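First the structure, in the form of C-alpha cells, and then the observations on it.
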Amino acid sequence: MNNKIISAQGLTKAYRRGSEEIFALKEVSFVVSRGEFVAIVGPSGSGKTTLLNLLGCLDTPAEGNLRINGIEISGLKEKVLVKLRRENIGFIFQQFFLLPTLTVRENIELPLLFSQKSNYKGRIDKITELVGLKARAQHLPHQLSGGEMQRVAIGRALINEPEIILADEPTGNLDSATSQKIYELFQELYNQGLTLIIVTHNIDLAKKAHRVIYLTDGKIG
Amino acid sequence: MNFFTLAVKNLQRRRGRTGLTVLGVAIAIAVLFILVSFNSCYEKHLNKELNNLGMHILAVPKGCPYEAASLIMQGGVFPKYLSNKDLNAVKKIDGIEIASPMLLHQFIGPDGKPHVAYGINVNEMKRLKPWWKVEGRFFSQTEDNAKVLGKDIAQREKLKVGDILPFGPDKLPFKIVGVLEKTDTQDDEFHFLPLEVVQKIFGKPDQITAIAIRVKDISKIPEVTRQLEKIPDIQAVTITQIMGTIMNLVGSARALLVSVVIIAIIISAVGIINTLLMSVNERTREFGVMKALGAKGADIGKLVLIETLFITISGGIIGLLLSLFGASLIEVLIKGVIPYSPAARLISPEPRLIGFCLLFSIVVGFVCGIYPVVKSSSLTPMEAIRSGLE
Ligand SMILES: Nc1ncnc2c1ncn2[C@@H]1O[C@H](COP(=O)(O)OP(=O)(O)OP(=O)(O)O)[C@@H](O)[C@H]1O
Ligand SMILES: [Mg+2]
C-alpha cells in the first residue's frame, strides 16, 4: 500500500473580495506519510485554515493536485467526496460547530447517522469517555465550557474511525492545563497509528509533532 | 438517534415559529377543504333536493315564473294566485299523472318569526313524495284542526305529536297529529295542513299558489308544458329550468367566494413556503457542517423533508379537524352569503376529499423540501459554512 497518505502538488486557492482576488494559498506542495504527526504553523491570515479545508475536501482548490490515499481529488463528484470524507477524515473546526439542539453524546454520535454504522453504541460511550465527557454526556453545548466543546468536537471527529485527523487550532482558546489534556489525547491517537495534521499557534503542541510546516502569506517557507 | 429525532429536536428549537407555521397550514387546508366540499356538495344536493320535490313541472301564476319558483321552493309567498278553474283546466291535459294544488301562506309564529303554512292534498302529496315518513299519522283531507310539522320546526319549537296549539288569525286550537321524518329539504320547515283548511283559515277560498305536476312519461314534459301555457293564467316551469335559474343566481356569488378563497390560499401558501425556506436557509451553515461530517445531499434533504412534512401533515390534520368541527358554523356563514342553498349539510367528511387535502399538504411539504436539497448539493461544505456566517 502507498505510504503517502496525503500528497499536495501546487495547491492554490484565491478568495474573491469584490473585484480583487486574494491568494490565500500559493503553490503549496508537501507530502504526509501514514501515521505521521504534522503541525502547521504560521501567523494569522497565512492560509492555515484554507489549507486544512482543502485537505479535508471541504473546499476545492483553484489549481493544483491533491491525492488522498493515492486518489486524485480534483474533479471528483460531491457524492464520491462525501464517502471519502466519511471514511477517511475526521475534521475538527476552529469554531467547533456543534449542533446546539443535540447533547454532548448526540453530537459525538451524529456522524454515525450519516455513515449508517449501527453497531457502534459501545463506541459512542468509549469515545465519550476518551474525551473525558462521560459525566457531561447529556448536557447541551451551551452548558459547556470552551475546552469541553473542543473535546466534543474531537470526539465527533473520531467516532467514524478515520485514518486522518485534521484539527484547526484545537487548543486555540484553552488554558495550559486543558491544552495539556488535549495534547495527551492527540498523543494517544498518534500512538494508535492515526495520521494527525494539526494547525496550531501553540509551540508546545508543535514541538510534539514529527514535522512542522511553516506557512507565511500562503506559501511554505 | 435517527433522522426523525434530529428533525423533531430542530422543530422544538423554534417552537413559536413551528407552531405558527403549523397553524398557517391548518388554516389553508381548512379553507381548501371547506371550499372543495362546498362546491362538490352544492350541486349534488341541489339536484337531489329538486328531484325530491317529486314533481316535474310547476304551474304558477303568470308573472315572474323563475322568481315564483324559487320563492315556492324556499317557502315564500307570491302575491298572485291560481284558481280552481285553472286546476280543472290543468287536470284535463293529456299525459298528466298527478296535478296537486297547494297554497302557501306566511304567518308569524309564536317565536315571532315568519312561518309557512303549506296547504296540500294529502293523498296526492303522498304519491308525489313516496319517501315521506311520518311519526304519528297524516291528517285526512277533511280534518279541520290537525296538522303535520316538518322535523326542523318541531325540534326548534320543542313540539311533539299530540300537542295542541293555537293557529291562524283566530287562534283556533290545532292538534299536531304527526311530525315528518327528516328529509334534508325545505319540507323540514313547513306546517302542513289540508289545502281547504289553509284556504278557509286565511280567507283565501279558491286560491292556489301553485300546482305541482307529475307527468306519466318524462319525454312528454315539453308537450305538457306547451299545453299548460295555453291556459291564460298559467306559466309552466320545469324543474330543470328551476335548477338552471338557481345555479345562475348562485353562480356569481359562488364565483366570488371561490376567487376570494383561492387568493387566500395562494397568499398563505406563499407565506408557508417562505417560512419553511427561511428556516432552512438560516441553517445553511449547519448543513455545511453536517456535510463535513459525512452527510450526503440526500441526508440533508431527508432531514428537511421530515421537518417540512411534519409541519404540513400535522397542519393538514389540524386543519381538517378544525373544518369538521367548525363545519356547522361555517355552513351558516356561507349559506348567509349564497342566495339559495339546499337544506342538507354541505360540508361533509368525505374520505376522498380528506385524502385529497392531506395529499395537498404532503405536496407542499415536498415542494419546500426539494429546494434545500438542490441548494445544498450545489455548495461545497465550506461554501455552505461560509454563506451561513455572513
Ligand atoms: N471566505 C473568505 N473570503 C475572502 N477572504 C478570505 C476568506 N477566508 C479567508 N480569507 C482570507 O484568506 C487569507 C487566509 O485565511 P485563513 O483563514 O486561511 O488564515 P489562517 O491562517 O487560518 O488565520 P488564523 O490563524 O487567524 O485562523 C486571509 O487573508 C483571509 O482574510
Ligand atoms: Mg484559521
Exercise for the section: Answer with yes or no whether B:L11 is part of a helix (DSSP H, G or I), open to solvent by less than 30 Å² (accessible area, probe 1.4 Å) and within 14 Å of chain A (Cβ to nearest Cβ). Expected result: yes
Exercise for the section: Output the residue which, of all residues in segment A:163-188 that are away from ligand 1 (no atom under 16 Å from the Cβ), farther than 13 Å from A:V38 by Cα and aliphatic (A, V, I, L, M), is surrounded by the fewest Cβ atoms within 10 Å (Cβ to Cβ). Expected result: A:A177
Practice task
Just need a number here: residues in segment A:32-67 that are away from chain B (no Cβ under 14 Å) and touching a helix residue (DSSP H, G or I) at 6+ places or on another chain (Cβ under 7 Å).
Solution key: 5
Practice task
Go through the residues of segment B:86-109 one by one and say whether even a single one is at pLDDT 85 or above, open to solvent by less than 60 Å² (accessible area, probe 1.4 Å) and assigned to a loop (DSSP other than H, G, I, E, B).
Solution key: yes
Practice task
Report the residue count in segment B:299-310 for those that are among the hydrophobic types (A, V, I, L, M, F, W, C) and open to solvent by less than 10 Å² (accessible area, probe 1.4 Å).
Solution key: 3
Handout entry: Residues of segment B:161-181 satisfying the condition of being assigned to a loop (DSSP other than H, G, I, E, B), modelled with pLDDT of 90 or more and not acidic (D, E)
Key = B:V161, B:G162
Handout entry: Pairs with Cβ under 8 Å, 6+ apart, first in segment B:301-317 and not assigned by TED's automatic domain parsing to the domain that holds B:I370 and among the acidic types (D, E), second part of a helix (DSSP H, G or I) and at pLDDT 90 or above
Key = none
Handout entry: Among the candidates A:V28, A:V32, residue that is away from ligand 2 (no atom under 16 Å from the Cβ), surrounded by 20 or more Cβ atoms within 10 Å (Cβ to Cβ) and either modelled with pLDDT of 95 or more or under 27 Å from A:G172 (Cβ atoms) (or both)
Key = A:V32
Handout entry: Residue list for segment A:67-95, filter: in contact (Cβ under 8 Å) with a residue 24 or more places away in the chain, within 16 Å of ligand 1 (Cβ to nearest atom) and either surrounded by fewer than 22 Cβ atoms within 10 Å (Cβ to Cβ) or under 13 Å from A:I164 (Cβ atoms) (or both)
Key = A:F91, A:I92, A:Q94
Handout entry: Qualifying positions in segment A:183-221 - touching a Leu at 6+ places or on another chain (Cβ under 6 Å) and either part of a strand (DSSP E or B) or of a type in the set (S, T, N, Q) (or both)
Key = A:I197, A:V199
Exercise for the section: Considering each residue of segment A:146-162, count those that are open to solvent by 60 Å² or more (accessible area, probe 1.4 Å) and modelled with pLDDT of 90 or more, and give that number. Expected result: 0
Exercise for the section: Answer yes if at least one residue in segment A:199-216 is crowded, with 20+ Cβ neighbours inside 10 Å, without any contact (Cβ under 8 Å) to a residue 60 or more places away in the chain and more than 16 Å from ligand 1 (Cβ to nearest atom), and no otherwise. Expected result: no
Completion exercise
For segment B:23-58, the count of residues that are in a helix (DSSP H, G or I) and either open to solvent by less than 10 Å² (accessible area, probe 1.4 Å) or not polar (S, T, N, Q) (or both) equals 25
Exercise for the section: Determine if segment B:279-298 includes at least one residue that is of a type in the set (G, A, S), at pLDDT below 80 and under 15 Å from B:C368 (Cβ atoms). Expected result: yes
Practice task
Please specify each residue of segment A:38-54 satisfying the condition of being within 8 Å of A:V199 (Cα to Cα), more than 8 Å from ligand 2 (Cβ to nearest atom) and buried (at least 24 other Cβ atoms within 10 Å of the Cβ).
Solution key: A:I40
Problem - Breaking point among (1) of a type in the set (D, E); (2) free of Cβ contacts under 8 Å to residues at least 24 places away in the same chain; (3) within 16 Å of ligand 2 (Cβ to nearest atom), for A:E184 - result: (3)
Handout entry: Among (1) hydrophobic (A, V, I, L, M, F, W, C); (2) within 19 Å of B:R15 (Cα to Cα); (3) open to solvent by less than 30 Å² (accessible area, probe 1.4 Å), the one test that B:L277 misses
Key = (3)
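The values are calculated or read from the model by the stated rules, or taken from the named source; none is laboratory data. Keep in mind that what you see is a predicted model, and the values were worked out from it rather than measured. Positions of Cβ are backbone-derived with ideal geometry, glycine not excepted, and every protein chain shown enters the neighbour counts. Protein only, heavy atoms only, side chains kept; ligands, DNA and RNA dropped before computing areas. Shrake-Rupley method; radii C 1.70, N 1.55, O 1.52, S 1.80 Å.
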